[in-house]
Amino acid sequence: APVIIECDQLDYPFLMAHDSDGFVRYEAANRFGIEILESMMSGGEVDERYIESYGEILVDDSIDPMLKAQLLELPTITTLMQRQEVIDVNAIAEAQERLKQILAKRYFDRLKSDIQALYEPTNAGIDGRSMGKRALKNRLLGILMSLNDPAVSIMCQDHYYEAHSMTERIAALDLLENYAPNDVGEALNDFYTRYKDETLVMNKYFAVCASSRREGTLTRVQALQNDPAYDPKVPNLVRALIGSFARNPVAFYDGSGEGFKFVADKVIEIDALNPQIASGLAGAFKNYGKLSALQKAQMQTQLERIKNHPNLSNNVFEIITKILKV
């Protein structure tokens, strides 16, 4: 269970930029980032001290690449959802993207030069240093991609096609999927053609598609259920496609309520084949008690529908019943 300690006396900007202890520095960066995003969600301006501290980390070449990749990660949507009394995914996602764009504009040249220095497409090594450099490069590229700059998109495409490691290829494909809808089609087709007969790799393909934040994700996930490479009887493929969608806050909590309906349909359908997988999917509704009145009503309709479905497994029934009691 997470332990949240509140302390007003810590100097987050200084600790984030200068502390010699990696854990303290990470905690300061994460907590300061949370404060900044929550302020932005309330209409506040970005604290210049955060931007400067972020830059201090960026230019500190003494930091191990893997650690730096972690230090430069913005707080996730899920983290911020857990702190909200009433969940508002759109506000979180908008603030997060706006902060990325501010950082990308401020440090554009440095980000670009660091990406070029870290980029080793033929190095597929699994030693700590190689993995760290890939992680850091992908983190920096993700910040730049938020600008929707055509030149950056071309660079990301190059990283996809030149990659010798699956980590590099998937990272580039994921960024193209989220930030370059006009360019991702060719890369998706290429990935599919390369790996359509390799189930383990196709798990990654389906997960990238189902985790996308851009519009139309639900429609694409529904279509992928009919793809020859997808088999609803293979648990890992179900987790990759349906499970990834259920864990995708932007798509799942869409204001239309269609995300709730789709996952409810899948819980009922999969429960007849594999109650264990279905009960895992049912956990997607766990935030029922923290939703706005409208979304709570939308979700309640789907929860009641699952609960009242005949021949429902005991596992799913118990999970849904507990959620409804919140």
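Go through the range 69-84 and count every residue that is closer than 21 Å to Gly43 by Cβ, hydrophobic (A, V, I, L, M, F, W, C) and part of a helix (DSSP H, G or I). Steps first, please.
Taking the range 69-84 first, the residues closer than 21 Å to Gly43 by Cβ are 74-75, 77, 79-81, 83-84.
Still in the running and hydrophobic (A, V, I, L, M, F, W, C): 74, 77, 80-81.
Subsequent filtering for residues that are part of a helix (DSSP H, G or I) retains 77, 80-81.
Total meeting the criteria: 3.
Which residues, counting only those in the range 156-170, are free of Cβ contacts under 8 Å to residues at least 40 places away in the same chain and hydrophobic (A, V, I, L, M, F, W, C)?
Within the range 156-170, Cys156, Met166, Ile170 qualify.
Those residues that are outside any helix (DSSP H, G or I) and either free of Cβ contacts under 8 Å to residues at least 24 places away in the same chain or buried (at least 16 other Cβ atoms within 10 Å of the Cβ) (or both), I need them from the range 85-120; list them, please. Even if it seems obvious, please write down each step before you answer.
Of the residues in the range 85-120, the ones outside any helix (DSSP H, G or I) are 85-88, 107, 119-120.
Answer for the range 85-120, where residues must be outside any helix (DSSP H, G or I) and either free of Cβ contacts under 8 Å to residues at least 24 places away in the same chain or buried (at least 16 other Cβ atoms within 10 Å of the Cβ) (or both): Ile87, Asp88, Tyr107, Tyr119, Glu120.
Working only within the range 246-266, note down all residues that are buried (at least 19 other Cβ atoms within 10 Å of the Cβ), assigned to a loop (DSSP other than H, G, I, E, B) and either more than 16 Å from the chain's Cα centre (by Cα) or not polar (S, T, N, Q) (or both). Explain how you work it out, then say what you get.
Going through the range 246-266, the residues buried (at least 19 other Cβ atoms within 10 Å of the Cβ) turn out to be 246, 248-254, 259-260, 262-264, 266.
Those left that are additionally assigned to a loop (DSSP other than H, G, I, E, B): 248, 253-254.
Those that are buried (at least 19 other Cβ atoms within 10 Å of the Cβ), assigned to a loop (DSSP other than H, G, I, E, B) and either more than 16 Å from the chain's Cα centre (by Cα) or not polar (S, T, N, Q) (or both): Tyr253, Asp254.
Test of understanding: among Leu173, Leu147, which residue is out of contact with any strand residue (DSSP E or B) (no Cβ under 7 Å at 6 or more places or on another chain), touching a residue at least 40 places away in the same chain (Cβ under 8 Å) and either under 23 Å from Glu94 (Cβ atoms) or buried (at least 20 other Cβ atoms within 10 Å of the Cβ) (or both)? Break it down into steps so the answer makes sense when it comes.
Values: Leu173 fails: touching a residue at least 40 places away in the same chain (Cβ under 8 Å).
Selected residue: Leu147, the only one of Leu173, Leu147 that is out of contact with any strand residue (DSSP E or B) (no Cβ under 7 Å at 6 or more places or on another chain), touching a residue at least 40 places away in the same chain (Cβ under 8 Å) and either under 23 Å from Glu94 (Cβ atoms) or buried (at least 20 other Cβ atoms within 10 Å of the Cβ) (or both).
Kindly check whether there is at least one residue in the range 129-144 that is among the charged types (D, E, K, R), surrounded by fewer than 16 Cβ atoms within 10 Å (Cβ to Cβ) and without any contact (Cβ under 8 Å) to a residue 40 or more places away in the chain.
no
Could you check the range 150-170 and list, in sequence order, the residues that are among the hydroxyl-bearing types (Ser, Thr, Tyr) and surrounded by 18 or more Cβ atoms within 10 Å (Cβ to Cβ)?
If the condition is that a residue be among the hydroxyl-bearing types (Ser, Thr, Tyr) and surrounded by 18 or more Cβ atoms within 10 Å (Cβ to Cβ), then Ser153, Tyr160, Ser165 are the ones that fit.
Restricting the search to the range 221-250, which residues are in contact (Cβ under 8 Å) with a residue 40 or more places away in the chain and in contact with a Ser or Thr (Cβ under 7 Å, 6 or more places away or on another chain)?
Residues of the range 221-250 that are in contact (Cβ under 8 Å) with a residue 40 or more places away in the chain, as a first pass: 221-222, 232-233, 235, 239, 249-250.
The answer is Pro249, and nothing else.
For the range 270-300, enumerate the residues that are without any contact (Cβ under 8 Å) to a residue 24 or more places away in the chain and of a type outside the set (A, V, I, L, M, F, W, C).
Within the range 270-300, Lys296 is the sole residue that qualifies.
For the subset of the range 198-220 comprising residues that are in contact (Cβ under 8 Å) with a residue 12 or more places away in the chain and not in a helix (DSSP H, G or I), which member is surrounded by the fewest Cβ atoms within 10 Å (Cβ to Cβ)? Lay out the reasoning, then the answer.
Step one: list which residues in the range 198-220 are in contact (Cβ under 8 Å) with a residue 12 or more places away in the chain, which gives 199-214, 217-218.
Applying the additional criterion that residues be not in a helix (DSSP H, G or I) yields 211-214.
Details: Ser211: 20, Ser212: 22, Arg213: 17, Arg214: 14.
Selected residue: Arg214.
Taking the range 143-181 as the region of interest, how many residues are more than 24 Å from Leu99 (Cβ to Cβ) and either of a type in the set (Phe, Trp, Tyr) or in a loop (DSSP other than H, G, I, E, B) (or both)?
Matching residues across the range 143-181 total 5.
Within the range 57-75, work out how many residues are farther than 20 Å from Arg129 by Cβ and surrounded by fewer than 15 Cβ atoms within 10 Å (Cβ to Cβ). Reasoning before the result, please.
Within the range 57-75, the subset farther than 20 Å from Arg129 by Cβ is 74-75.
Narrowing the set further to residues that are surrounded by fewer than 15 Cβ atoms within 10 Å (Cβ to Cβ) leaves none.
Here the count works out to 0.
If Val184 satisfies every condition in (1) outside the structural domain of Met299 (by TED's automatic domain parsing); (2) among the hydrophobic types (A, V, I, L, M, F, W, C); (3) out of contact with any helix residue (DSSP H, G or I) (no Cβ under 9 Å at 6 or more places or on another chain) but one, which is the exception?
So Val184 meets the others, but not (3).
Residues to consider are Asp174, Asp158; find the one that is modelled with pLDDT of 95 or more, farther than 26 Å from Leu224 by Cβ and touching a helix residue (DSSP H, G or I) at 6+ places or on another chain (Cβ under 9 Å).
Working: Asp174 fails: farther than 26 Å from Leu224 by Cβ.
Sole residue among the options that is modelled with pLDDT of 95 or more, farther than 26 Å from Leu224 by Cβ and touching a helix residue (DSSP H, G or I) at 6+ places or on another chain (Cβ under 9 Å): Asp158.
Only one of these is part of a helix (DSSP H, G or I), within 17 Å of Val208 (Cα to Cα) and not aromatic (Phe, Trp, Tyr): Gly243, Gly280. Name it. Can you show your working first?
Working: Gly280 fails: within 17 Å of Val208 (Cα to Cα).
Just one listed residue meets the conditions, Gly243.
The values are calculated or read from the model by the stated rules, or taken from the named source; none is laboratory data. Computed from a predicted model, the values in this text were never measured in an experiment. For neighbour counting, all protein chains shown are included, and Cβ atoms are generated from backbone atoms with ideal geometry for every residue, glycine included.
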